[in-house]
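A short worksheet on the structure shown next.
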Amino acid sequence: MPELKRLDADHAPAVLAFELANRAYFAASVPDRGDDFFDKFTDWYSVLLAEQEAGIYAFYVLVAEDGSVLGRFNLYDLENGTAELGYRVAQHVAGRGVATATVRELCRLAAARHGLHTLRAGTSRENVASQRVLLKAGFVLVGLSDIDGESGPWYQRDLVPQR
């Protein structure tokens, strides 16, 4: 059974393998990270861990029983009880409910572990699969946002009732 785990240094090789194996798949719906990302992966990964340690971000990986990474689920800009959600799952598990179930779990963790009350997420107009994941996970469409220079839908989920 896959397990959602907080990103740590030991995950680096599996995260790199995940990113490389799914590079073309991801590039079909989001801008490609470029060769520089892969060439300097170790430096980039160290920065992620430092930002997580500083409490600015919270990074998670969905790890299969064999230790491979099936997905990355991230909380960005944790501030004043809110954060932005980003995620990507491996092509071989896409369309099987993995992203939806894991986003739901991350919503629970966001409230319980990080004290968040609101998550927001944007997608490109073309990324219909991600839009479906967000809706199934309890997010509601709240408007449009700028995603990589293009207008796209913006979603929000309240994690705890507002008082």
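The values are calculated or read from the model by the stated rules, or taken from the named source; none is laboratory data. Being a predicted model, the structure only gives us computed values, none of them experimental. Neighbour counts are summed over all protein chains in view; Cβ atoms, including those assigned to glycine, are modelled from backbone coordinates with ideal geometry.
Answer yes if at least one residue in the stretch 103-123 is of a type outside the set (Gly, Ala, Ser), farther than 20 Å from LEU4 by Cβ and at pLDDT below 95, and no otherwise.
yes
Which pairs turn up if I take residues in the stretch 82-107 that are surrounded by fewer than 20 Cβ atoms within 10 Å (Cβ to Cβ) and look for partners that are acidic (Asp, Glu) and at pLDDT below 95 with beta carbon separation below 8 Å, at least 6 apart in sequence or on another chain?
Filtered contacts from the stretch 82-107: GLU84/ASP77.
Report the residue count in the stretch 70-128 for those that are part of a helix (DSSP H, G or I) and small (Gly, Ala, Ser).
Summing the residues that are part of a helix (DSSP H, G or I) and small (Gly, Ala, Ser) in the stretch 70-128 gives 5.
Working only within the stretch 136-152, note down all residues that are modelled with pLDDT of 95 or more and either surrounded by 13 or more Cβ atoms within 10 Å (Cβ to Cβ) or farther than 18 Å from THR100 by Cα (or both).
LYS136, ALA137, GLY138, PHE139, VAL142
Return the only residue of ASP66, ASP39, ASP77 being without any contact (Cβ under 8 Å) to a residue 12 or more places away in the chain and either more than 17 Å from HIS11 (Cα to Cα) or within 14 Å of the chain's Cα centre (by Cα) (or both). Walk me through how you get there before you give the answer.
Values: ASP66 fails: either more than 17 Å from HIS11 (Cα to Cα) or within 14 Å of the chain's Cα centre (by Cα) (or both); ASP77 fails: without any contact (Cβ under 8 Å) to a residue 12 or more places away in the chain.
One residue alone meets the criteria, ASP39.
Looking at GLU84, GLU105, can you tell me which residue is touching an Asp or Glu at 6+ places or on another chain (Cβ under 6 Å) and of a type outside the set (Lys, Arg)? Break it down into steps so the answer makes sense when it comes.
Numbers: GLU105 fails: touching an Asp or Glu at 6+ places or on another chain (Cβ under 6 Å).
Residue meeting the stated conditions: GLU84.
Identify all residues within the stretch 42-58 that are touching a residue at least 12 places away in the same chain (Cβ under 8 Å), out of contact with any helix residue (DSSP H, G or I) (no Cβ under 8 Å at 6 or more places or on another chain) and surrounded by 14 or more Cβ atoms within 10 Å (Cβ to Cβ); write none if there are none.
Pass one, the stretch 42-58, residues touching a residue at least 12 places away in the same chain (Cβ under 8 Å): 42, 45, 48-49, 52, 55-58.
From what is left, the residues that are out of contact with any helix residue (DSSP H, G or I) (no Cβ under 8 Å at 6 or more places or on another chain) are 48, 52, 55-56.
Answer for the stretch 42-58, where residues must be touching a residue at least 12 places away in the same chain (Cβ under 8 Å), out of contact with any helix residue (DSSP H, G or I) (no Cβ under 8 Å at 6 or more places or on another chain) and surrounded by 14 or more Cβ atoms within 10 Å (Cβ to Cβ): LEU48, GLN52, ILE56.
Can you find even one residue in the stretch 42-54 that is closer than 23 Å to ALA111 by Cβ and not in a helix (DSSP H, G or I)?
yes
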